[in-house]
1. Taking the stated definitions as given, is S202 among the small types (G, A, S), assigned by TED's automatic domain parsing to the domain that holds T62, touching a helix residue (DSSP H, G or I) at 6+ places or on another chain (Cβ under 9 Å) and touching a residue at least 40 places away in the same chain (Cβ under 8 Å)?
2. When the range 93-102 is examined, which residues are found to be assigned to a helix (DSSP H, G or I) and either closer than 21 Å to L172 by Cβ or not small (G, A, S) (or both)?
3. Which one of S26, S54 is out of contact with any Ser or Thr (no Cβ under 6 Å at 6 or more places or on another chain) and touching a residue at least 40 places away in the same chain (Cβ under 8 Å)?
4. What is the residue count in the range 35-68 for residues that are more than 27 Å from I135 (Cα to Cα) and either among the polar types (S, T, N, Q) or modelled with pLDDT of 95 or more (or both)?
5. Any chance the range 181-190 includes a residue that's of a type in the set (A, V, I, L, M), in contact with a helix residue (DSSP H, G or I) (Cβ under 7 Å, 6 or more places away or on another chain) and without any contact (Cβ under 8 Å) to a residue 12 or more places away in the chain?
6. Any chance you could count how many residues in the range 134-158 are at pLDDT 90 or above and outside any helix (DSSP H, G or I)?
7. Does the range 105-117 contain any residue that is surrounded by 14 or more Cβ atoms within 10 Å (Cβ to Cβ), among the hydrophobic types (A, V, I, L, M, F, W, C) and under 23 Å from G183 (Cα atoms)?
Amino acid sequence: MIAVACLVGLPFYYIVVNTLKTPEQSGRSPLGLPTKLYTENYTGVFHTIPIVQSFLNTVYVTAAAVALMLLIGSLAAFGMVLSKARLTRLLGAALLIGFVVPFQTTLIPLYQDLAKAHLVDSLNGLIVIYAAGAIFCYFLIQGYMRTIPNEIIEAARIDGAGPFRIYWSIMLPLIRPILVTVGVFQTMWVWNDFLTPQVFISSPTKSTLVLQVYTAVGEFAVNWPLFMTMTVIVLVPMVIFFLLMQRHIVSGLVSGGVKV
């Protein structure tokens, strides 16, 4: 496992180390440690690229999209678990079909629909697109909900609780582990996504962090110090986020695999 971890960590080490070197040092010794810390790559990025604005754009889109995905996915899963009607099963099959359709095949109709709704080149438009990821949340949350004893729901009904009260006061606290797990996965997806903002965002002031990495790619050459520095700036928040949340990921997956 140590050897595998070193192999996986080598690209990240390569990128981080070379952001702290001059271009000449990087060319002479790409994998060696810097003889002297060179921070001008980072200061240059902050002076030439609107990093703070892009960071705030990314945080806004990620937080809003993940919140919508968890809300819609958990509500859909609760409805599927609660209802035993035939129509419910048909809707579940329809959602499954939608889940297997590649996102890339829907880009043209999506762009046309968002253009009609005046949501192209809009952060809110990105949030609407990402909200479709609720279908992934739905499948994971539904499997977790089915491990919860039905007697809990029946007891709440006897006490006079309606569907929304059962969902909000009983089901949400019980499914918190899987909500955290799914939230982490979706956060990493939205934060690191390049294709969607590249297609639907054109204004520099509305760019996400991942789009700013692409500013280092020219028509005939690549500004490698800028490219690697921007890559580190994009990766570091997600690495810290994942390290802080990995305990919840494991507990959520394990809890969902055990029948209560």
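The values are calculated or read from the model by the stated rules, or taken from the named source; none is laboratory data. Here the structure is a predicted model, which is why all the values come from computation and not from measurement. With ideal geometry, Cβ positions are generated from the backbone for all residues, glycine too; neighbour counts draw on all protein chains shown.
1. Values: among the small types (G, A, S): yes; assigned by TED's automatic domain parsing to the domain that holds T62: yes; touching a helix residue (DSSP H, G or I) at 6+ places or on another chain (Cβ under 9 Å): no; touching a residue at least 40 places away in the same chain (Cβ under 8 Å): yes.
In short, no.
2. Step one: list which residues in the range 93-102 are assigned to a helix (DSSP H, G or I), which gives 93-100.
Passing the criteria: L95, L96, I97, F99, V100.
3. Working: S54 fails: out of contact with any Ser or Thr (no Cβ under 6 Å at 6 or more places or on another chain).
Within the list S26, S54, the selection yields S26.
4. Going residue by residue through the range 35-68, those that are more than 27 Å from I135 (Cα to Cα) are 35-54.
Then keep just the ones that are either among the polar types (S, T, N, Q) or modelled with pLDDT of 95 or more (or both); that gives 35, 39, 41, 43, 48, 53-54.
The number of residues fulfilling the criteria is 7.
5. So in the range 181-190, the residues of a type in the set (A, V, I, L, M) come out as 182, 184, 188, 190.
Retained after the next criterion (residues that are in contact with a helix residue (DSSP H, G or I) (Cβ under 7 Å, 6 or more places away or on another chain)): 182, 184, 188, 190.
If we keep only those that are without any contact (Cβ under 8 Å) to a residue 12 or more places away in the chain too, we end up with none.
Among the residues of the range 181-190, not one is of a type in the set (A, V, I, L, M), in contact with a helix residue (DSSP H, G or I) (Cβ under 7 Å, 6 or more places away or on another chain) and without any contact (Cβ under 8 Å) to a residue 12 or more places away in the chain, which makes the answer no.
6. Number satisfying all stated conditions: 0.
7. So far as the range 105-117 goes, no, none of its residues is surrounded by 14 or more Cβ atoms within 10 Å (Cβ to Cβ), among the hydrophobic types (A, V, I, L, M, F, W, C) and under 23 Å from G183 (Cα atoms).
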